[in-house]
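Novice: To start, I am sharing the structure in question, which I have written as C-alpha cells.
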Amino acid sequence: MTSSIQYDLIGVGIGPANLGLAALLEKAQPLRAVFFDENSEFQWHPGMLIEGADLQVPFLADLVTLADPTSTYSFLNYLASQDRLHQFFFFNRFDIPRREYNNYARWAADSLENCLFGKKVIDADYIKEEEPYYRVTVLDQETKTETIYTCRYLVVGTGTKPLIPESLTGYPPEDILHTSQYLYQEKFVLDAERILVVGSGQSAAEIFLEQLQMQRGGRPEIHWFTRSPGFFQLESGKLGQEIFSPDYIDYFHRLPLEKRLEELPSLTQLRNGVEEATLHKIYELLYHRTVGGVEKGAVIQANTEVEDIAQLEDGSYRVTCRQHQEDTFFTVEVDKVILGTGYKPEIPEWFSALTSEALREKDYLKVNRDFSIAFPDDRKENLYSLTDLVHSHGAGATNLALAVHRNVTIINTAADKEIYKDPRNTVFQQFSPPK
C-alpha cells in the first residue's frame, strides 16, 4: 500500500453525472480532482444501446453545455471532432441517438486525464483531525495494488443495478434476463418462438418494438405485460417539463418530507413512461400487421404482474401471472422472459459506515439543498451522493440536465467562489405564491 495523495475532490464512479463534473472542473483551477471507476472503460447502459433508440432529453443536456456552452466537452464540439456537424444539421432534431450519446461520453472520458478506469474504491472513511479529510482506498484492478488518496470533498456516484424480484432470479441469464442485458443476450433471444416482455417503461417498449419489427409469420409470439394500469406516454409538455429546473428543486426541497413524498407519485409520468414516438411506432406496426384480418402476433396486457417462473422439461418456462384488478391468475408458456423491472441504487458497503452519523428524515438520509449529506457536526468537508435523492430533490434528481446544475453547485462550493453561474428564474411558472 503506497502513501497518500492529496486532492481537493475525489469522485467515486464515472457515470454521466460525475463525468460532467470532471469535465467542468477543468476550468476550476487550482482545484485538484480525480475520479475512479472499477470498470475498464466508460459504458453507458451498453445492453440497451438499440439502434434507432433516442435519448429522452435534448442534446443541450450534455455533460457541460447548460453550465458552459464554450466547453471543449460539449456535444457540438464532439460532433465537430467527428466531422458530423453537417450530418447533424441535416438530421434536424433536438434529441439524439442513445448510441451517439454513449460515443460522445466515451470521447469525453478518454479526453479527461482526471478520469481513471480499472480503479475500484474499496474503502472510504472520514478522518476527524484538526483539518478533517476523507481517506479513500483504491484497488488497481489489473495490478491488485492498493493506494490511499485523501480529499476535502467526496462525491459518490456508483450508479444503479438491475432490480429483479427474488422469485424471478436463479435462471440462465440467456433465458430470464433484465433489459440492461438485452444486447448481450440478443442472439439467444432471436432463436425464441415465444417471448414475454415485462414492464411499461421506455426500455421494455423499445425491446417489444424491436421484437415486433423482427417478427415474421407471427413468430416469435410476443407477450407484453405490466403491473401498471396502462402503457402510458411520457409527459413531455413544456410547462410540465419545468419541474426539471433549479427553481423547482428550490421549492421541492423546502417542503416537509411528508409533502415531498406525497408529491412524488403525481410526478411519475414526467419521469417514467414511454416516448410518444415509440408508442406511435408500436401502434402503427400493429395496425399494418392486422390489415385483412391477420392476427397481430402479440398479446398486450396491463394490470398484470408476474408472480412466478418455473422451468419445464423441454427447457421452456411456465410463467404464472396475476391480473390484480380482477384478482385472477393465469399462466403463459414462453422461451424467454425479458424483465423491465427497473433499477435500485448500487451502494458500496463502505458507504453505510461513512454515513452512520448522518442526519436522517425518518428512513431517508437528510440531504442539503446543495446536494451534500447533512451531518450533526455541520462539517465543511462535504460528502455528496448521486443516489437516493428523489425524496430530497424530487423526480428530476437523476435528470441529465439537472446533473449539470448539481455539478455547478459542487464546484462553486469547493472553490468557495462562483466558477459557474447557477441561475434562477429559469422557468415561466411559479411554484409558490410570492411573499
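Novice: Run the quick spin-label model on residue 174 and residue 41: label points 7 Å from Cα toward the beta carbon, then report their separation in nm to one decimal.
Specialist: Between residue 174 and residue 41, the label points sit 2.4 nm apart.
Novice: I would also like to ask the following. What are the semi-axes of the equivalent ellipsoid for the chain, taken as the square roots of 5 times the Cα gyration tensor eigenvalues, largest first, in whole Å?
Specialist: So the equivalent ellipsoid measures 39, 25, 24 Å along its semi-axes.
Novice: Rg to Rh for the stretch 358-412: what is it, with Cα atoms only and Rh by Kirkwood?
Specialist: Numbers: Rg = 11.1 Å, Rh = 11.6 Å.
Radius of gyration relative to Kirkwood radius: 0.96.
Novice: Suppose every K and R has +1 on its Cβ and every D and E has -1 on its Cβ; what is the size of the dipole of the stretch 13-93 about the Cα centre, in Debye to the nearest 20?
Specialist: The calculation lands at about 240 debye.
Novice: Looking only at Cα atoms, what is the convex hull volume of the stretch 38-92 per residue, in Å³? Don't jump to the answer; show the numbers that get you there.
Specialist: Working: hull volume 7.4 nm³, N = 55.
In the stretch 38-92, the Cα convex hull volume per residue is 135 Å³.
Novice: Convex hull over the Cα atoms of the stretch 124-262, averaged projected area in nm²? Could the numbers behind the result be given before it?
Specialist: Details: hull surface 62.6 nm².
Over all viewing directions, the stretch 124-262 projects a mean Cα-hull area of 15.6 nm².
Novice: Over the Cα atoms of the stretch 74-149, what radius of gyration and what Dmax do you get, in Å?
Specialist: Radius of gyration, then largest Cα-Cα span, for the stretch 74-149: 19.5, 59 Å.
Novice: Given that compact globular proteins tend to follow 2.2 N^0.38 Å, what is the ratio of the alpha-carbon Rg of the stretch 106-189 to that value?
Specialist: Here the answer is 1.59, to two decimals.
Novice: What whole-number distance in Å separates the alpha-carbon centres of the stretch 72-86 and the stretch 260-302?
Specialist: 34
Novice: Kirkwood Rh, Cα Rg: Rg to Rh for the stretch 206-314?
Specialist: Here the Rg-to-Rh quotient is 1.12.
Novice: Compute the separation of the alpha-carbon centres of the stretch 134-204 and the stretch 361-408 and state it in Å as a whole number.
Specialist: Rounded to whole Å, the Cα centres lie 23 Å apart.
Novice: Can I ask one more? When only alpha-carbon atoms are used, what values of Rg and Dmax, in angstrom, describe the stretch 1-70?
Specialist: For the stretch 1-70, the Cα-based Rg and Dmax read 15.2, 49 Å.
Novice: Tell me which of 114, 168, 101 sits at the most positive position along the dipole axis of the stretch 99-202, charges placed on C-beta atoms (Lys, Arg +1; Asp, Glu -1).
Specialist: Farthest towards the positive end: 101.
Novice: Pick out, in residue order, every one of the GluC sites (Glu not before Pro) in the stretch 223-296 that is DSSP loop and has at most 10 other C-beta atoms within 10 Å; say none if there are none.
Specialist: Values: sites: 235, 242, 258, 262, 263, 275, 276, 284, 295; in loops: 235, 275, 295.
The qualifying sites are 295.
Novice: Note down the magnitude of the dipole of the stretch 269-335 about its Cα centre, charges +1 on Lys and Arg C-beta and -1 on Asp and Glu C-beta and zero elsewhere, to the nearest 20 debye.
Specialist: That gives a dipole near 340 debye.
Novice: How far, in nm, would the chain grow between residue 359 and residue 347 when pulled straight, counting 0.36 nm per residue and subtracting the alpha carbon separation?
Specialist: Numbers: separation 12, 0.36 × 12 = 4.32 nm, distance 1.79 nm.
Full extension from residue 359 to residue 347 adds 2.5 nm.
Novice: Let me ask something else. Counting each DSSP H run of 4 or more residues in the chain as -39500 (n - 2.57), what helix-only mean residue ellipticity at 222 nm follows after dividing by all residues, to the nearest 500 deg cm²/dmol?
Specialist: Result for the chain, helices only: -7500 deg cm²/dmol.
Novice: Report, in cubic angstrom per residue, the convex hull volume of the C-alpha atoms of the stretch 236-378.
Specialist: 210
Novice: So, one more: With the crude spin-label approximation of a point 7 Å out along Cα→Cβ, what separation in nm comes out for residue 216 versus residue 251?
Specialist: So the label points at residue 216 and residue 251 sit 5.4 nm apart.
Novice: When only alpha-carbon atoms are used, what values of Rg and Dmax, in angstrom, describe the stretch 307-435?
Specialist: Considering the stretch 307-435 through its Cα atoms, Rg and Dmax are 22.6, 70 Å.
Novice: I've got another one for you. Assuming 1.002 mPa s and 20 °C, estimate D for the stretch 28-178 with Stokes-Einstein, Rh taken as the Kirkwood radius over Cα pairs, in µm²/s.
Specialist: The estimated diffusion coefficient comes to 115 µm²/s.
Novice: Using just the alpha carbons, could you tell me how many Å³ per residue the convex hull of the stretch 116-164 encloses?
Specialist: Hull volume normalised by residue count: 107 Å³.
Each value in this text was obtained by applying a stated rule to the coordinates, not by laboratory testing. Only a predicted model underlies this, so the values are computations on that prediction, with no experimental measurement involved. Here Cβ is always computed from backbone atoms with ideal geometry, including for glycine, and neighbour counts include all displayed protein chains.
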